[in-house]
1. Among (1) under 22 Å from B:GLY328 (Cβ atoms); (2) not in a strand (DSSP E or B), where does B:GLY110 come up short?
2. Residues being in a strand (DSSP E or B) and surrounded by 13 or more Cβ atoms within 10 Å (Cβ to Cβ): count how many of those fall in the stretch B:30-73.
3. Based on this model, can you work out whether B:LEU319 counts as in a loop (DSSP other than H, G, I, E, B) and open to solvent by less than 60 Å² (accessible area, probe 1.4 Å)?
4. Could you pull out the residue among A:VAL219, A:VAL243, A:VAL268, A:VAL277 that is out of contact with any Ser or Thr (no Cβ under 6 Å at 6 or more places or on another chain), over 24 Å from A:PHE322 (Cβ atoms) and β-branched (Val, Ile, Thr)?
5. For the stretch B:75-95, check the following and say yes or no: at least one residue is among the hydrophobic types (A, V, I, L, M, F, W, C), open to solvent by less than 10 Å² (accessible area, probe 1.4 Å), within 23 Å of B:ILE307 (Cβ to Cβ) and part of a loop (DSSP other than H, G, I, E, B).
6. What number of residues in the stretch A:229-259 are within 18 Å of B:VAL257 (Cα to Cα) and either open to solvent by 30 Å² or more (accessible area, probe 1.4 Å) or β-branched (Val, Ile, Thr) (or both)?
7. Considering only residues that are more than 13 Å from chain A (Cβ to nearest Cβ) and touching a residue at least 60 places away in the same chain (Cβ under 8 Å), look in the stretch B:213-227 and name the one that is farthest from B:ILE178 (Cα to Cα).
8. What about B:GLY181, is it within 14 Å of chain A (Cβ to nearest Cβ) and touching a Ser or Thr at 6+ places or on another chain (Cβ under 9 Å)?
Protein chains: 2
Amino acid sequence: MNAIANRQFRLAARPIGLPKASDWTLVEEPVREPGDNEFLVRVEYVSLDPAMRGWMNEGKSYVPPVGIGEVMRAGGAGEVIASKHPGFPVGSKVAGLFGVQEYALSNGKGVQRVDTALAPLPTYLGVLGMTGMTAYFGLLDVGAAKEGDTVVVSGAAGAVGTVVGQVAKIKGCRVVGIAGGAAKCRWLVDELGFDAAIDYKSGDVRKALREHCPKGIDVYFDNVGGEILDIALSQLAMHARVVICGAISQYNATEGVKGPSNYLSLLVNRARMQGMVVFDYAPRYGEAAREMGLWLAQGKLTSREDIVAGFDTFPDALLKLFRGENTGKLLLKIG
Amino acid sequence: MNAIANRQFRLAARPIGLPKASDWTLVEEPVREPGDNEFLVRVEYVSLDPAMRGWMNEGKSYVPPVGIGEVMRAGGAGEVIASKHPGFPVGSKVAGLFGVQEYALSNGKGVQRVDTALAPLPTYLGVLGMTGMTAYFGLLDVGAAKEGDTVVVSGAAGAVGTVVGQVAKIKGCRVVGIAGGAAKCRWLVDELGFDAAIDYKSGDVRKALREHCPKGIDVYFDNVGGEILDIALSQLAMHARVVICGAISQYNATEGVKGPSNYLSLLVNRARMQGMVVFDYAPRYGEAAREMGLWLAQGKLTSREDIVAGFDTFPDALLKLFRGENTGKLLLKIG
């Protein structure tokens with residue numbers, strides 16, 4: 001057992017702006033054997049999420065920051081290869097917060113066993129994982145989307161955005177996505193069934209929103225913040241709900257976050273803007289997983305993963321998120 | 001009847017920044033006799049409200065803008081002096097949107113008869129008028145304030161703010177006001193029973209909020225926007241409610257509204273920010289009026305009006321709002 005070397009990305013410094021190579025140290029240490037009620041996971045996929053950028057900052061947030069010198073926090077999925085835990089025998093497929101490392105010891109806290117006969121392992125980091133839960137509860141609970149609503153989602157071709165749009169369609173909403181690039185936009189409409197997609201990199205987003213949402217926006221699900229949030233606020237319908245899920249355009253801002261100048265549209269339209277953190281919905285994950293599992297099986301919901309291979313590529317792979325290069329859920333495949 | 005001359009302030013130009021004298025024309029025209037189902041009101045008090053600044057701008061809002069050349073829209077109260085309307089006989093005391101003029105013809109739409117034996121006429125523009133309704137429904141309905149909550153209100157010594165704070169105290173909340181100047185702050189604590197008041201003109205608002213709200217802010221009722229909103233957002237408690245009632249610091253901005261940079265605190269704290277327009281609560285005004293009338297009678301609620309005399313002084317009197325010179329409800333007394 002001690003022969004196994006575990007490579008890990010540890011946080012070396014708190015980044016200013018985009019994380020750079022020197023913000024990480026790649027460490028190799030021997031794997032310890034599981035103690036009682038512990039098990040060892042060989043990580044096969046690491047989930048790469050915009051939220052990770054926030055965890056690298058100092059200061060109060062919804063989870064404590066990753067400490068300097070600690071293994072970078074990340075979701076992941078893999079297989080149990082050694083176990084002294086009755087609930088997680090060797091051979092179990094599992095998902096949990098395993099960190100950016102090849103092997104993870106766990107006591108089972110926050111870890112789920114998953115059934116790869118029902119869906120492939122990556123799907124448990126996507127539609128059936130935190131990504132899917134975020135989209136589901138953000139759209140239906142915080143956003144209170146209902147049949148006939150016009151739903152606009154930013155970061156529409158990203159992990160959460162693709163699920164938000166599809167679930168909104170399933171629920172009978174009119175769905176408009178905002179994404180970067182013509183190829184992504186075509187894919188959203190042609191493959192995922194969005195009613196329209198707006199390429200923010202070319203053309204006038206405000207004009208396009210006005211055209212595609214003639215009655216205004218009932219639910220705006222925001223993953224990006226910045227200018228796009230401001231434009232969306234200017235197009236709200238009465239009693240609109242704005243779901244603040246993320247703000248990827250702002251996470252690397254070195255000169256302070258841009259606040260939404262059009263926030264008074266909330267007053268004019270008696271609208272609300274509400275933040276969400278998916279962990280709050282843990283007691284209801286089962287409810288969402290059952291419904292989304294069914295939709296997957298029925299072919300109503302598509303899970304799309306964008307898989308980058310090679311543990312070493314982590315620092316650059318993470319940046320794909322901030323460069324808008326991924327389509328669907330970005331995963332790092334190990335080994 | 002035709003002998004009566006009616007003086008009116010009409011909007012001459014759309015102001016840039018603070019309204020100036022040349023944005024108004026003072027017009028005198030003879031009063032027309034009421035037709036069938038009309039009555040004539042001699043206006044005794046004109047309500048001066050921050051919202052009036054918004055009505056002077058072009059463009060979509062929650063009510064149409066006042067047109068150039070039109071009598072300026074304003075709430076008011078007075079006495080019916082001629083009538084062909086069975087519901088509003090001569091001698092009735094009334095409140096409604098009479099505009100900035102000495103006499104107003106009305107068909108009764110949106111006009112209420114008021115009983116000056118129960119409360120003096122100005123109170124029907126303050127605690128028992130739109131001001132009070134705004135405070136009541138904003139705090140209790142949009143803000144969902146409940147016993148034990150920490151409530152912070154900005155513009156605390158203004159018309160709405162004084163009522164928000166008092167109602168919050170009656171409902172068992174801890175109440176902290178933010179106002180400009182030591183005198184106002186003393187008055188809020190000593191006379192109105194606020195638990196604390198923070199003078200934003202002297203000292204560090206963030207530090208003071210942290211001190212007076214050690215568990216964070218549960219309900220933030222915002223009348224001012226700008227820097228104060230941003231600071232309040234940084235001090236939210238989990239599941240906080242931010243009520244967007246107004247943004248007086250921004251109404252005269254010539255370089256665009258300052259958006260709240262700390263809006264991501266909504267995400268971290270699973271909080272919501274929601275706008276309100278009091279007119280939506282019209283079907284429930286009676287409910288609030290009954291409860292607040294009782295509190296007034298019991299001496300639990302104080303109505304404070306800041307009365308400026310002289311119709312001619314309107315253009316400058318209005319500016320007192322934006323200079324933060326009023327304490328309580330600002331009214332213009334005519335005649």
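1. The one condition B:GLY110 does not meet is (1).
2. Qualifying residue count, the stretch B:30-73: 10.
3. On the way: in a loop (DSSP other than H, G, I, E, B): no; open to solvent by less than 60 Å² (accessible area, probe 1.4 Å): yes.
No.
4. The conditions single out A:VAL219.
5. Among the residues of the stretch B:75-95, not one is among the hydrophobic types (A, V, I, L, M, F, W, C), open to solvent by less than 10 Å² (accessible area, probe 1.4 Å), within 23 Å of B:ILE307 (Cβ to Cβ) and part of a loop (DSSP other than H, G, I, E, B), which makes the answer no.
6. At the first step, the residues of the stretch A:229-259 found to be within 18 Å of B:VAL257 (Cα to Cα) are A:229-236, A:256-259.
From the residues that got through so far, the ones that are either open to solvent by 30 Å² or more (accessible area, probe 1.4 Å) or β-branched (Val, Ile, Thr) (or both) too are A:231, A:234, A:256-258.
Adding up the residues that qualify gives 5.
7. Looking at the filtered set, the residue picked out is B:LYS215.
8. The answer is no for B:GLY181.
The values are calculated or read from the model by the stated rules, or taken from the named source; none is laboratory data. Source: prediction; values computed, not measured. Reconstructed Cβ throughout: ideal geometry from the backbone, glycine too, with neighbour counts over all protein chains shown. Note: areas computed on protein heavy atoms with side chains; ligands, DNA, RNA excluded. Shrake-Rupley method; radii C 1.70, N 1.55, O 1.52, S 1.80 Å.
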